[in-house]
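The values are calculated or read from the model by the stated rules, or taken from the named source; none is laboratory data. These numbers come from a predicted model, not from an experiment. So basically every Cβ, Gly included, is an ideal-geometry build from the backbone, and we count neighbours across all protein chains shown.
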Ligand code: EPU
């Protein structure tokens, strides 16, 4: 637990041009991909967030040598030799370690990595990862706190994913690029983060054909991959977070590099709230202020409305006139944050029904995966305990628009995914500071 708190005096407009960091959900995969070559990989625009630390720890333990320049956001990683592919004792703070199995199997034929951590937003099984690795020829054993894997040589395979999982698609990519033969995959995830990993692997020499429209992938295994210089693309979750912070407080904000490929469904839905959106080659300008119009949203895999956006969007819906619905179909337990919003004055009820939309895969189960939000309701500043990363952003935005002072604890969850968030919000007009708690 961090001893730090963030203190916010609400009611100030967030406005200006947001500085967007490199994507959290791309950078760690790029670091793992660097394990596939003995040559140096140079990664630019690395966000300075705590989420990458367990991945760096894993790479260092297996033998990577790193030159890190945090000021320049520049990481150079070279894994000339794998010293050990057994790292079961590493910290379980993120969901990346399972992605190292493929590269470690390719380099040494064996791997042992810790079971996964990450945000508490549902059960989060890894069955699709394991089934795919099995198809590629690996034998996987679940041990008490780790996964052990071994293989003589990874072999191309035909894989039909029953759900377009981001992590499982990335795992298949990282495991098949150097496998013997061709791997064909149906129903892949086509999130921009997955496409960024494909770009990097291609630059390293991988043979990958991807048809996003058909959700199909074909990978022809190669014998070796080479070093590469890549730049982490901007984080689209940050784009949405800053846009919501500005709109909730009645500010106007320009998000550089934002475009409809990255945040298309978000743009469509904020327009329905009554927000003005001006798109040009350099980015997107959002302007609008509460009260908004009510809007129903359903989260689903890309290109639909992303699950990581519903939390900041929900804060906007507390300021919409009437009742809005959020139907979450990606994670079964992602509305925990609404309790704190209700304590601030919001009117949000969660339900295990598929409210407002067709039945989803959580139909007739007991998961509280729909929310109905009635507004507009004034929010009052209070003490807020952050339970996970995106919940933390919802709490922070609620604190920015609330009347009075809010104290946010559990700040380490925000630090996992947002670099120096209080400094960037202060530059945009927030009255916000980070303090050591007593
Ligand atoms: N799933 C399975 N079996 C599997 C894998 C996934 O049932 O083997 C289920 C999950 O339980 C979940 C759904 O499929 O219900 C989606 O999971 P997916 O594998 O697509 O997500 P992920 O790779 O675990 C990444 C991001 C998440 C983001 C999702 C969806 C990283 C490290 N995490 O997770 O980001 O929400 O894709 O886009 O890339 C965040 O940044 O706060 C975050 C949670």
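Name the residue, out of 149, 168, that is within 16 Å of the ligand (Cβ to nearest atom) and either touching a strand residue (DSSP E or B) at 6+ places or on another chain (Cβ under 6 Å) or free of Cβ contacts under 8 Å to residues at least 12 places away in the same chain (or both).
149
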Determine whether residue 154 is surrounded by 19 or more Cβ atoms within 10 Å (Cβ to Cβ) and within 15 Å of the ligand (Cβ to nearest atom). no
Of the listed residues (90, 161, 133, 104), the one being under 19 Å from residue 60 (Cα atoms) and within 16 Å of the ligand (Cβ to nearest atom) is 90
Given (1) in a loop (DSSP other than H, G, I, E, B); (2) loosely packed, with under 15 Cβ neighbours inside 10 Å, index of the condition residue 343 fails: (1)
Is it the case that some residue within the range 283-305 is surrounded by fewer than 16 Cβ atoms within 10 Å (Cβ to Cβ) and outside any loop (DSSP other than H, G, I, E, B)? no
Members of the range 128-178 that are part of a strand (DSSP E or B) and over 22 Å from residue 301 (Cβ atoms): 139, 140, 141, 142, 146, 147, 148, 149, 150, 155
Looking at 362, 335, 357, 367, which one is within 19 Å of the chain's Cα centre (by Cα) and on the phi < 0 side of the Ramachandran plot? 335
Restricting attention to the range 369-415, and to residues there that are away from the ligand (no atom under 14 Å from the Cβ) and under 16 Å from residue 327 (Cα atoms), which single residue is surrounded by the most Cβ atoms within 10 Å (Cβ to Cβ)? 373
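Could you please find all residues in the range 425-438 being within 21 Å of residue 251 (Cβ to Cβ) and surrounded by fewer than 21 Cβ atoms within 10 Å (Cβ to Cβ)?
Residues satisfying the conditions are 426, 427, 429, 431, 433.
So for the range 44-67 (the condition being on the phi > 0 side of the Ramachandran plot, within 19 Å of the chain's Cα centre (by Cα) and modelled with pLDDT of 95 or more), does at least one residue qualify?
So far as the range 44-67 goes, yes, one or more of its residues are on the phi > 0 side of the Ramachandran plot, within 19 Å of the chain's Cα centre (by Cα) and modelled with pLDDT of 95 or more.
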Considering only the range 179-264, give the strands (runs of 3 or more DSSP E) lying wholly within it that have at least 3 residues that are touching a helix residue (DSSP H, G or I) at 6+ places or on another chain (Cβ under 7 Å). 252-256
How many residues does the range 346-368 contain that are surrounded by 17 or more Cβ atoms within 10 Å (Cβ to Cβ) and away from the ligand (no atom under 16 Å from the Cβ)? 4
Go through the range 66-81 and give me each residue that's out of contact with any strand residue (DSSP E or B) (no Cβ under 9 Å at 6 or more places or on another chain) and either closer than 20 Å to residue 104 by Cβ or surrounded by 14 or more Cβ atoms within 10 Å (Cβ to Cβ) (or both). 81
Could you please find all residues in the range 171-188 being within 16 Å of the ligand (Cβ to nearest atom) and surrounded by fewer than 22 Cβ atoms within 10 Å (Cβ to Cβ)? 186, 187
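Anything in the range 325-340 that is more than 16 Å from the ligand (Cβ to nearest atom) and either within 17 Å of residue 306 (Cα to Cα) or surrounded by fewer than 20 Cβ atoms within 10 Å (Cβ to Cβ) (or both)? List them, or say none.
325, 339
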